[in-house]
């Protein structure tokens, strides 16, 4: 069973630029993360874009939707920024693609000590293989339906929206 991973950017894939003192995008960390995860069946990897989710527009969400629609795999993990992951999940959920799509991200970049990125990636891969077809958000060891999730910025976690 082969999965597809679609990278859109977000904190997960950011690097620290010591000269500018900011987090930036350069080469994706996903190939290294997938190698580190020691997956028996490596997924197909599609680096779709590298943007902060706060910069994501409707046109970007349509690109994500099209990538999912055209994916030959029916199990998809999307790396996404946490700030607007629920908006992208809603676009995908409303499309009713009949695939198992799991969006995940990280509160700290993969390359930062104590990052939640690798755990969230592994959890999302498990969810994509075990969850029913639909759109899900996998964060903090919990799996949320696309229409019942929100980021609690004060607590730094994801929780049910209702």
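The values are calculated or read from the model by the stated rules, or taken from the named source; none is laboratory data. All values reported here derive from a predicted model rather than from experimental measurement. Counting neighbours? That spans all protein chains shown, and the Cβs are built from the backbone with ideal geometry, glycine included.
Please note which strands (runs of 3 or more DSSP E) are completely contained in the stretch 1-61 and include at least 2 residues that are within 16 Å of residue 85 (Cα to Cα) and under 13 Å from the mean Cα position of the chain (by Cα).
4-9, 44-51
Go through (1) in contact with a strand residue (DSSP E or B) (Cβ under 8 Å, 6 or more places away or on another chain); (2) within 22 Å of residue 128 (Cα to Cα) one by one and return the number of the condition residue 39 breaks.
That leaves (1) as the condition not met.
Considering only the stretch 132-162, state which residues are on the phi > 0 side of the Ramachandran plot, touching a strand residue (DSSP E or B) at 6+ places or on another chain (Cβ under 9 Å) and not in a strand (DSSP E or B).
Scanning the stretch 132-162 gives a single hit, 140.
Residue under question is residue 113, and the condition is that it be over 17 Å from residue 81 (Cα atoms), modelled with pLDDT under 95 and either surrounded by fewer than 22 Cβ atoms within 10 Å (Cβ to Cβ) or touching a helix residue (DSSP H, G or I) at 6+ places or on another chain (Cβ under 8 Å) (or both); does it hold?
In short, yes.
For the stretch 113-131, give me each residue that is assigned to a loop (DSSP other than H, G, I, E, B) and touching a strand residue (DSSP E or B) at 6+ places or on another chain (Cβ under 7 Å).
131
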